[in-house]
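Here, each number is a calculation from the coordinates, and none is a lab measurement. Quantities reported herein were computed from a predicted structural model and do not represent experimental measurements. Quick reminder, even Gly has a Cβ in these numbers, built from the backbone with ideal geometry, and neighbours come from all protein chains shown.
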Amino acid sequence: MRISQSRLAARVLERVAIALVLLALGVWMAVVRPFDDKLLAEQQTYRTARQQKLTAEARVGWRRFP
């Protein structure tokens, strides 16, 4: 392989690598990130509901027995 062909191959591989990184970033931004935000929102909802339940139980004096 001549030097010019080697340089051409290196440039092509470099551009393919950059394209793959950008594609992975795009998939992360479009798919993973919204689900992560939704998960955090659901966790907060669960914590709020659990705290309200515990507060109500404390108010009526309900206890769990093992």
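Annotations for the structure displayed:
- ³J(HN,Hα) computed for each position of the range 33-49 - Karplus, 6.51 cos²θ - 1.76 cosθ + 1.60, integer Hz, glycine/proline x: 4, x, 5, 5, 5, 5, 4, 4, 5, 5, 5, 5, 4, 4, 4, 5, 5
- Computed E for Gln43/Leu20 - FRET, C-beta separation, R0 25 angstrom, nearest 0.05: 0.20
- Dipole orientation for the chain: of the candidates Val31, Leu13, Gln43, Gln43 has the Cα lying most toward the positive pole (charges on Cβ; Lys, Arg +1; Asp, Glu -1).
- Cα→Cβ-extended label distance, 7 Å offset, between Ser6 and Gln51, nm: 6.4 nm
- Total charge dipole magnitude, the chain, about the Cα centre, Cβ charges on Lys, Arg, Asp, Glu only, Debye to nearest 20: 120 debye
- With at most 15 other Cβ atoms within 10 Å, longest stretch of the chain clear of loop trypsin sites (Lys or Arg not before Pro) (DSSP): 3-62
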